[in-house]
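Everything below concerns the one structure shown next.
The values are calculated or read from the model by the stated rules, or taken from the named source; none is laboratory data. From a predicted model like this one, the values you see are computed outputs, not experimental measurements. Please note: Cβ atoms are built from the backbone with ideal geometry, for glycine as well, and neighbour counts cover all protein chains shown. Surface accessibility is based on the protein's heavy atoms, side chains included, excluding ligands, DNA and RNA. Shrake-Rupley method; radii C 1.70, N 1.55, O 1.52, S 1.80 Å.
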Amino acid sequence: MTRVNAELLKTVEASGEFNAVACMNCGTCTALCPLGLTNLPREIFRDVVLGLEEKVLANVETVFSCLLCRMCQVNCPAEVKIADNVRTLRVHLNKTLHHL
Amino acid sequence: MKPETQSRIGIYVCHCGGNISDYVDVAQVAAAVAQEPGVTISRTHMFTCSDAAQQEIIKDIQEQKLNGLVIASCSPKLHMYTFRAMAERAGVNPYQYVQVNLREQDSWAHTHHRDEATRKGIALVKAGIAKSRLSEPLVPLRVNTKPRVLVVGGGVTGLKTALALSDLGIAVDVVERSERLGGWVADWKKLYPTGQDGQALVAELEQALAQRANIKVHTQAKVTGRSGNLGDFTIRIRTPQGEQDLNVGALVMATGFAAYAPLPQEFGFGLPGVVTLPELKKSLSRGEPLQTSDGRPVKTLAFIYCVGSRQKKTAAQPQVNTHCSRTCCTAAAHLGLNLTGAYPALRQYHLYRDVRTYGKHELIFGENREKGAVYVRFDEKEPPVVSTEGAQLRVKVKDTLTRREELEIAADLVVLVTGMLPRENAELINILKVPVDRNGFFKEIHPKLRPVETVMDGLFIAGAAQSPRLIGEAVSSALAAVSKCGALLKKGYVDLEPMIAVVKTDKCTGCNACLGVCPYQAIEKTVCDGRDQVTVIPFSCKGCGACVPLCPENALDVKGYTDEQMTAAITALAQEAAV
Ligand SMILES: Cc1cc2nc3c(=O)[nH]c(=O)nc-3n(C[C@H](O)[C@H](O)[C@H](O)COP(=O)(O)OP(=O)(O)OC[C@H]3O[C@@H](n4cnc5c(N)ncnc54)[C@H](O)[C@@H]3O)c2cc1C
Ligand code: SF4
Ligand code: SF4
Ligand code: SF4
């Protein structure tokens with residue numbers, strides 16, 4: 001059982017643009033990812049939106065392995081700026097984990 | 001019955017291009033029946049339906065003084081009315097014309113057996129002749145229609161129906177059971193898709209209504225009785241002023257919907273802070289702020305969708321609402337958007353099964369997500385659970401979009417997105433015999449091609465009483481019902497098929513065996529020469545024949561299909577088959 005927490009999203013949003021809440025979970029991004037990152041972006045983004053911080057932290061490597069190729073972003077029907085969101089998330093993680 | 005010797009029947013066997021004559025020897029058929037008793041003339045045509053052939057037949061009818069016609073051609077579905085009209089133009093009673101189906105029932109069915117197909121063709125035509133010999137001239141039943149319509153229900157659908165009928169010059173009585181008009185919409189302000197004010201919309205309709213001399217509104221009124229038929233009904237209504245009879249030509253049922261009332265404990269219903277969507281919409285429309293049950297501002301709001309809709313039958317709950325209420329997904333998203341506008345810091349969680357914001361409403365769903373509403377999808381088998389911890393509401397849900405993560409949302413207010421049900425109207429349905437579907441909504445004859453007509457002639461349905469719908473959709477159906485009323489009433493009369501049941505008063509013993517079977521309630525008890533009998537209400541009977549075989553005394557007959565005619569036709573067929 002995880003408590004939903006809106007604060008995480010707020011903090012992430014403070015690091016830059018993050019519009020993952022518009023995602024409708026169609027799965028297009030997962031299908032297109034050349035690295036085959038199955039939980040990026042839609043699952044990790046959702047963890048951020050719902051405030052499931054532990055899940056996000058368990059996937060830090062995935063966040064940093066994304067190529068930022070934008071294959072997903074140009075094809076997202078909900079206009080989620082996926083690659084930009086990944087960047088924002090990296091900034092957030094750098095700040096909180098590595099104090100950069 | 002007409003004595004056989006007087007029959008002067010013309011037989012016309014059609015080639016149908018080759019559709020019939022490629023497989024049936026039409027010349028042989030025509031020759032084989034030429035000597036049948038009552039037959040005056042027997043010919044073939046390449047296309048009987050062509051104008052030239054019709055002219056020839058009309059000439060025959062007039063020169064040979066024919067009084068009966070048998071055309072052996074295609075299915076009556078295709079050309080019965082063509083040939084009836086031709087008979088009428090030539091001066092033969094259209095109901096003394098018999099169509100024999102030599103195409104679908106013979107040539108097309110037996111393409112490899114020319115001889116047998118020809119033999120069958122002869123038998124079919126002989127049966128037609130036997131039926132024709134016993135045919136009687138019939139006249140359509142003419143009803144003089146009343147240019148007045150009763151509209152039951154004074155919601156947006158009913159009001160719009162009344163105004164549009166009034167535009168056509170048809171007088172209207174609106175019967176509304178509550179003390180005010182407008183139905184649900186009168187309680188609401190912002191409506192999707194345009195953001196228009198519901199109360200202003202109703203006020204606009206009421207103002208227009210007040211300008212019309214030919215619309216009468218009866219509030220706190222109910223229908224208490226019905227008699228008469230299509231075009232000429234007498235409807236009794238009761239108002240606080242007393243009872244009165246309204247004489248109308250047609251009825252439009254616009255009784256709208258009821259919101260599903262959750263059961264105690266259903267998704268926490270009954271706990272402080274658990275409300276339904278219509279309640280919340282109403283309270284916000286009254287200008288009340290969004291607040292918790294104890295008056296604090298709401299920071300987190302959770303919606304639970306599909307409450308009371310799309311239910312699955314179980315042993316414990318056999319009577320469920322299986323339909324999707326269609327409007328609620330959009331209504332909830334729209335309310336969410338408006339709330340984001342009014343309370344930008346508000347967090348919203350929309351717990352749904354499937355999002356059905358069809359058509360243009362998809363934009364509302366999209367905008368609501370973009371503005372920050374979080375959609376969480378649950379499986380119907382694992383619905384959310386609402387509980388309280390002190391003053392705090394907690395909603396537990398398994399989110400199928402995140403590996404079925406079990407989430408807990410601390411909410412200040414939980415909104416149950418309740419569906420649309422038909423209003424409780426058992427008495428009205430019984431009095432007016434309105435057909436209903438398995439969820440209790442009024443039922444049309446054909447959902448695509450006859451969407452506002454019912455099996456009860458002259459009784460039309462419209463609006464949310466028929467199925468969950470938006471105002472725009474409800475009004476479209478209202479206008480469809482108006483045009484059906486106009487088509488029925490503007491001419492001043494309507495001609496009905498005369499092929500209806502008749503009671504042979506010398507045979508009916510009043511046993512009442514037939515009473516319950518008539519689907520149109522066309523059979524009534526009566527007293528004839530001091531004896532108990534039944535009688536058939538001509539304008540209500542549709543000639544379906546359901547009552548005929550039930551009568552132990554053979555006292556019922558359907559005109560145009562009398563026992564005598566059918567027996568003669570079958571006998572003719574059997575004699576041919578025995579040859
Ligand atoms: C939560 C919610 C939000 C909605 N929001 C929108 C929106 O934003 N935009 C939109 O287009 N649509 C919306 N709708 C749909 C809209 O409410 C309906 O389309 C509309 O109310 C249908 O009007 P109606 O006249 O058919 O029914 P109703 O509004 O139900 O009116 C029926 C009338 O008939 C009367 N009546 C019933 N039985 C009898 C009887 N036996 N004798 C006499 N009178 C009787 C009732 O008293 C009532 O006045 C919403 C629906 C819901 C549930
Ligand atoms: S393509 Fe866009 S909408 Fe679809 S799952 Fe990925 S982020 Fe969400
Ligand atoms: S419109 Fe949406 S909330 Fe309403 S019953 Fe259908 S799916 Fe459920
Ligand atoms: S023929 Fe059909 S409609 Fe007519 S009285 Fe008999 S059962 Fe009723």
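Note on A:R70 and B:A203: the model spin-label points, each 7 Å out from Cα along the C-beta direction, lie 5.2 nm apart.
Relative contact order of chain A, taken over Cα pairs closer than 8 Å and 6 or more residues apart, is 38 percent.
Can you work out the FRET efficiency for the pair A:H99 and B:K360, with r the C-beta to C-beta distance and R0 = 45 Å, to the nearest 0.05?
Here the calculated transfer efficiency is 0.40.
Burial here means at least 20 square angstrom less accessible surface with every protein chain in place than with the chain by itself, probed at 1.4 Å; in the range A:14-30 the buried residues are A:V21, A:A22, A:M24, A:N25.
What percentage of the solvent-accessible surface of chain B, computed with a 1.4 Å probe over protein heavy atoms, is contributed by carbon and sulfur atoms? Looking at chain B in its full context, I get 53 percent from C and S. Amide H to amide H, with H built 1.01 Å from N, B:R43 comes under 5 Å of B:I11, B:Y12, B:V13, counting only residues 5 or more places away or on other chains. The portion of the accessible surface of chain A made up by carbon and sulfur, rounded to a whole percent, is 53 (1.4 Å probe; DNA, RNA and ligands excluded). Annotation: amide H-H contacts under 5 Å for B:T300 (H modelled 1.01 Å from N, sequence separation of 5 or more, or interchain): B:R347, B:D412, B:L413. Database note for chain A: Cys without another Cys beta carbon under 4.7 angstrom, A:C23, A:C26, A:C33, A:C66, A:C69, A:C76.
For the range B:334-407, GluC sites (Glu not before Pro) meeting the loop criterion (DSSP other than H, G, I, E, B) and having at most 14 other Cβ atoms within 10 Å: B:E380.
Test of understanding: extend the Cα→C-beta vector of A:L32 to 7 Å, then name every residue of the range A:71-100 with backbone N under 13 Å from that spot. Zone members listed by number: A:71-84.
Given only helices, namely DSSP H runs of n ≥ 4 each adding -39500 (n - 2.57), what is the per-residue ellipticity at 222 nm of chain B, to the nearest 500 deg cm²/dmol? Value at 222 nm, helices only, nearest 500: -8500 deg cm²/dmol. One chain, two ends: B:R404 and B:E389. Fully extended at 0.36 nm per residue, the span grows by 3.0 nm beyond their Cα-Cα distance. In percent, rounded to a whole number, the relative contact order of chain B is 14, using alpha-carbon pairs under 8 Å and six or more apart. Ligands, DNA and RNA are left out, and with a 1.4 angstrom probe the accessible area of chain B is 45 Å² per residue. Once both labels are positioned 7 Å from their Cα atoms along Cα-to-Cβ, the gap between B:A342 and B:K525 label points is 6.0 nm.
Remark: chain A carries a charge dipole of roughly 80 debye about the Cα centre, counting +1 on each Lys and Arg Cβ and -1 on each Asp and Glu Cβ.
The convex hull around the C-alpha trace of the range B:272-384, projected and averaged over every direction, spans 7.9 square nanometres. Residue by residue, the range A:49-55 carries 3J(HN,Hα) couplings of 4, 7, x, 8, 4, 4, 5 Hz when phi is fed to the Karplus relation 6.51 cos²θ - 1.76 cosθ + 1.60 (θ = phi - 60°); x denotes Gly or Pro.
If you plug the beta carbon distance of B:Q319 and B:E279 into 1/(1 + (r/R0)^6) with R0 = 25 Å, you get a FRET efficiency near 0.55. Summarising the amide proton neighbourhood of B:T526: residues at separation of 5 or more, or on other chains, whose placed amide H is nearer than 5 Å comprise B:Q533, B:V534, B:T535.
With N as its number of residues, the protein assembly as shown has a Cα radius of gyration that, divided by 2.2 N^0.38 Å, comes to 1.33. On the principal axes of its alpha carbon atoms, the range B:491-579 extends 48, 40, 23 Å, with the longest extent given first. Once the C-beta distance of B:D115 and B:E63 is scaled by a Förster radius of 45 Å, the resulting FRET efficiency is 0.85 to the nearest 0.05.
Using 0.36 nm per residue of separation minus the Cα-Cα distance, give me the extension gain between B:A426 and B:D563 in nm, one decimal. It would help to have the intermediate numbers written out before the result.
Working: separation 137, 0.36 × 137 = 49.32 nm, distance 3.90 nm.
Separation in residues times 0.36 nm, less the Cα-Cα distance, equals 45.4 nm.
Within 12 Å, Cβ to Cβ, of B:R119, how many net charges do the neighbouring residues add up to if Lys/Arg are +1 and Asp/Glu are -1?
With Lys, Arg at +1 and Asp, Glu at -1, the net is -2.
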